[in-house]
Amino acid sequence: MATLHIQKGNPSSVTITVTDANNVPLDLTGRTVFFTVKNRDDYSDDDALALITETITVHSDPTNGITTCPLSAVQTDIEAKIYKADVRVYGEGFQSNTVSFYVEVEDIVTKRKA
């Protein structure tokens, strides 16, 4: 997955396509997708220090491995920099993580509200 670009403090909707090792779409029917963003130096054994976490159980096109991850303005209101992320697919007897990728939270220029 290429680097995701998210604007600091703005809501965002990230479309994620999950594939297997052969690049075949992974059927997400009945499965849960966990999206997690952490500092690049976070090697902890859990997600307690994760900056963004989202659990997705309803998918846009599950049989083709496509889901949408909605992020609120509160979730994206973190320091503007590059983070690491991945996606875990979990379901009855199944567990798989994607290859890690980067999420760049970009600072916005216009900040006034009125």
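Points to keep in mind about this one:
- Failed condition for L28, given (1) outside any loop (DSSP other than H, G, I, E, B); (2) in contact with a Pro (Cβ under 6 Å, 6 or more places away or on another chain): (1)
- Candidate set from segment 59-80 (those that are of a type outside the set (V, I, T) and assigned to a strand (DSSP E or B)); member that is nearest to the chain's Cα centre (by Cα): C69
- The C-beta contact set for segment 57-74 (first residue modelled with pLDDT of 95 or more and loosely packed, with under 15 Cβ neighbours inside 10 Å, second residue in a loop (DSSP other than H, G, I, E, B) and not aliphatic (A, V, I, L, M), distance under 7 angstrom, 6+ apart or interchain) comprises T63/D27; T63/T29; T68/S60; S72/P11; A73/G9; A73/N10; A73/P11.
- Selected residue (criterion: nearest to T57 (Cα to Cα)) from residues of segment 75-111 that are without any contact (Cβ under 8 Å) to a residue 60 or more places away in the chain and hydroxyl-bearing (S, T, Y): Y90
- Residue in segment 32-54 that is in a loop (DSSP other than H, G, I, E, B) and over 20 Å from S100 (Cβ atoms) present: no
- Candidate set from segment 5-25 (those that are outside any loop (DSSP other than H, G, I, E, B) and of a type in the set (S, T, N, Q)); member that is surrounded by the fewest Cβ atoms within 10 Å (Cβ to Cβ): S13
The values are calculated or read from the model by the stated rules, or taken from the named source; none is laboratory data. It should be emphasised that the depicted structure is a prediction, and the values quoted were computed from it without experimental measurement. Here Cβ is always computed from backbone atoms with ideal geometry, including for glycine, and neighbour counts include all displayed protein chains.
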